[in-house]
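Colleague: I have a structure I would like to understand better, so I am pasting it below and will then ask my questions one at a time.
The values are calculated or read from the model by the stated rules, or taken from the named source; none is laboratory data. Source: prediction; values computed, not measured. Note that each Cβ is placed from the backbone with ideal geometry, even for glycine, and that neighbours are counted across all protein chains shown.
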């Protein structure tokens, strides 16, 4: 999992990295985190994992990037959150 964020002073620009599909660049991060859990999910079910971490109080948006490992490889997932009262 990678936790990246924007602050109000950061320019809003597209990433130059084609691997990011020209999405908005989030230049700051708190580093990668590894969570190892064995979970088994049947098709059609919804499952949530919790992880508590931090971002600076001045952050305005947070991008959470993660991937899930399956027997057929990895499945990427991402989500952007607006920081309340930023």
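Colleague: Under 9 Å between Cβ atoms, which residue pairs at least 6 apart in sequence (or on different chains) link something in region 30-58 that is on the phi > 0 side of the Ramachandran plot with a partner that is at pLDDT 70 or above?
Modeller: From region 30-58, the pairs are 31/2; 31/3.
Colleague: Here is a follow-up. Which residues, taken from region 1-22, are more than 13 Å from the chain's Cα centre (by Cα) and either modelled with pLDDT of 80 or more or over 30 Å from residue 71 (Cβ atoms) (or both)?
Modeller: First pass over region 1-22, keeping only residues more than 13 Å from the chain's Cα centre (by Cα): 7-19, 21-22.
Within region 1-22, 7, 8, 9, 10, 11, 12, 13, 14, 15, 16, 22 meet the criteria.
Colleague: Which of (1) exposed (fewer than 14 other Cβ atoms within 10 Å of the Cβ); (2) at pLDDT below 90 does residue 26 not meet, given it meets every other one?
Modeller: The number of the failed condition is (1).
Colleague: Do you know which residues across region 61-86 are in contact (Cβ under 8 Å) with a residue 24 or more places away in the chain and part of a loop (DSSP other than H, G, I, E, B)?
Modeller: If the condition is that a residue be in contact (Cβ under 8 Å) with a residue 24 or more places away in the chain and part of a loop (DSSP other than H, G, I, E, B), then 83, 86 are the ones that fit.
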